[in-house]
């Protein structure tokens, strides 16, 4: 191993590559995406919002939010309604089907976490999350 292979930034980039592969495979197998899960989770956790607000909450690019909202809407997972406070915008709300989809995607996310963290003990997992929280 070279010196570069032992730096924190290199190791984090390799761990991230592994995490992203696991995540992409799991969401593809579930017929969904991380964007859809994040948007539904935001609606569940923080309530109805405009598409712009959902983009800010989730850190998803506005054009990607539009595409994801179209997918969620056509699947019946969200509903768009005129905002009573501002008729120029729509409020996005989650439907009963959307709540069921979020529960399904929560299980996918849990599986992703389990697969990624499998080499670590429970104590090591908690410590890693604590350290990553400080770095993030």
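The values are calculated or read from the model by the stated rules, or taken from the named source; none is laboratory data. Predicted model only: the values in this text are computed from it and were never measured. Here the Cβ is made from the backbone with ideal geometry for all residues, glycine too, and neighbour counts use every protein chain on show.
Among the residues of segment 103-128, how many are in contact with a helix residue (DSSP H, G or I) (Cβ under 9 Å, 6 or more places away or on another chain) and part of a helix (DSSP H, G or I)?
13
Here's a check for you: in segment 78-90, which residue that is more than 23 Å from residue 109 (Cβ to Cβ) and in contact with a helix residue (DSSP H, G or I) (Cβ under 8 Å, 6 or more places away or on another chain) is surrounded by the most Cβ atoms within 10 Å (Cβ to Cβ)?
Filtering segment 78-90 for residues that are more than 23 Å from residue 109 (Cβ to Cβ) and in contact with a helix residue (DSSP H, G or I) (Cβ under 8 Å, 6 or more places away or on another chain), the one surrounded by the most Cβ atoms within 10 Å (Cβ to Cβ) comes out as 90.
Please tell me if residue 23 is in contact with a helix residue (DSSP H, G or I) (Cβ under 6 Å, 6 or more places away or on another chain), modelled with pLDDT of 95 or more and surrounded by 11 or more Cβ atoms within 10 Å (Cβ to Cβ).
Criteria met by residue 23.
Looking only at segment 40-77, how many residues end up being in contact with a strand residue (DSSP E or B) (Cβ under 8 Å, 6 or more places away or on another chain), free of Cβ contacts under 8 Å to residues at least 60 places away in the same chain and surrounded by 14 or more Cβ atoms within 10 Å (Cβ to Cβ)?
So the answer is 13.
What do you reckon, is residue 127 surrounded by 13 or more Cβ atoms within 10 Å (Cβ to Cβ) and either within 20 Å of residue 55 (Cα to Cα) or out of contact with any strand residue (DSSP E or B) (no Cβ under 7 Å at 6 or more places or on another chain) (or both)?
Against the criterion (surrounded by 13 or more Cβ atoms within 10 Å (Cβ to Cβ) and either within 20 Å of residue 55 (Cα to Cα) or out of contact with any strand residue (DSSP E or B) (no Cβ under 7 Å at 6 or more places or on another chain) (or both)), residue 127 does not qualify.
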